[in-house]
Amino acid sequence: MARPISSGLAAGLDPRGVLGLYVHVPFCSAICNYCNFNRGLFDAGLKNRYVAALLSEIRGAADRAPADTIFFGGGTPSLLEPSEVAAVLAACRQSFAVPVDAEVTLEANPETVTPERLAGFRAAGVNRLSFGVQSFRDVELARLSRLHSASRAAEAFRMARTEGFDNISLDLMMWLPQQTVSEWLESVEALIALHPDHASMYLLEIYPNAPLRDAMARGRWSVAPDDDAAEMYLSGLDRMDKAGYVQYEISNVTLPGRRARHNLKYWLDGEWLGFGCGAHSTRRGVRWKNLSATEDYIAATASGQPVATEVRRLSPQERLEDALFTGLRLSEGVDVRAINERYAVDVWGVYGAELQTFVDQGVLFYDGRSLRLSRAGMLLSHEIMTVFIR
Ligand code: SF4
């Protein structure tokens, strides 16, 4: 059962000191045409060696520090066997002080789950699922080269409920090729009809070399104008408000008590360890990234070589900027007094003159204690956050 985290303001910077553990699973059944994640095609032999490497890396990092969230991200973690998930979780529990009510999330693609596999994941200790749905319209899913249909996504969700999962998040993407505002809202309504505990709603970003760009050129598809993208964002959130969800982060809404505890560590200036190829870690002011290539990662682990690369102690200014950037993503904003204390700085004294412009426009609020974006301000978050870069 998820432990609701109280308001970040009330709790200060709650998650600091209690680690989140991230486990990367870089395998997918097919590669989606817009994907820019660290992933490759599923290969059973490679996966077996990879899981052995993961177990070795986790055990090698053992220091019994408290860790109250574990997140399997990818790639497609639901391609792992339940027994493999159980083995990774056992290694985490042996290596860190993981409480019985830790949040354990598995990202899942709808086409990969069956009642048996879901029951297996649950028995292994997974208590939260995050399904990558992206759209409830088949034509949009086909344009994105996703393997599932809208009905398969709904079926996967219902299966998960039947198997006892009471904490399920669904991901949707907006601003898809050829998508209109009303078509976007069809997906939002379909999501609401399923009544998930949590939802993430992202704008699709098409990176420069994405195969989707070629598909768009061939199909003569385009994306809606920027104003429509803003309307998709605002109207989608408005629908979620009316359905009883609470927005707590730029792209995330939740039913009461179901905020993503793992992701809150990223947004509340917390600490986390990432295991697996390409995984990032931030702990005690040091940041590093594991070797990205799956084979390199396995080879290094097998020969006892370090997998961490780009190990860097963050400067006080970088840590301050990160805390402000990520904290401002939260609807409740940044607890300026806590940041002042932690980083021995006067945030408003340093940045206030530039921030005042946004306060005057009504897209940013400052009450002497917290600094927070309005919903319209969230659409301008990149522009507002550049104020913090020195
Ligand atoms: S399933 Fe997810 S990680 Fe895999 S290729 Fe598609 S978008 Fe990328």
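Listed here are the helices (runs of 4 or more DSSP H) enclosed by region 111-207 that have at least 3 residues being without any contact (Cβ under 8 Å) to a residue 40 or more places away in the chain: 115-124, 138-143, 150-162. Set side by side, the residues ASP269, ASP238 differ, and just one is modelled with pLDDT of 95 or more, more than 15 Å from PHE71 (Cβ to Cβ) and not in a strand (DSSP E or B), which is ASP238.
Within the span defined as region 361-376, every residue fails to be part of a helix (DSSP H, G or I) and polar (S, T, N, Q).
Looking across region 78-97 at every residue that is in contact (Cβ under 8 Å) with a residue 40 or more places away in the chain and surrounded by 17 or more Cβ atoms within 10 Å (Cβ to Cβ), the one that is farthest from ARG152 (Cα to Cα) is identified as PHE96. On inspection, ALA154 qualifies as under 25 Å from GLY120 (Cα atoms) and out of contact with any strand residue (DSSP E or B) (no Cβ under 7 Å at 6 or more places or on another chain). Remark: ASP197 falls outside the filter, which requires a residue to be surrounded by 16 or more Cβ atoms within 10 Å (Cβ to Cβ) and over 30 Å from VAL88 (Cβ atoms).
Considering SER95, SER78, the condition of being touching a strand residue (DSSP E or B) at 6+ places or on another chain (Cβ under 9 Å), of a type in the set (Ser, Thr, Tyr) and within 16 Å of the ligand (Cβ to nearest atom) is satisfied by SER78 alone. Filtering region 311-321 for residues that are among the β-branched types (Val, Ile, Thr) and out of contact with any Ser or Thr (no Cβ under 7 Å at 6 or more places or on another chain) leaves a non-empty set. For region 50-69, a residue qualifies if it is assigned to a loop (DSSP other than H, G, I, E, B) and within 22 Å of LEU264 (Cα to Cα), and the qualifying residues are ARG64, ALA65.
The values are calculated or read from the model by the stated rules, or taken from the named source; none is laboratory data. None of the values given here were measured: they were computed from a predicted structure. Positions of Cβ are backbone-derived with ideal geometry, glycine not excepted, and every protein chain shown enters the neighbour counts.
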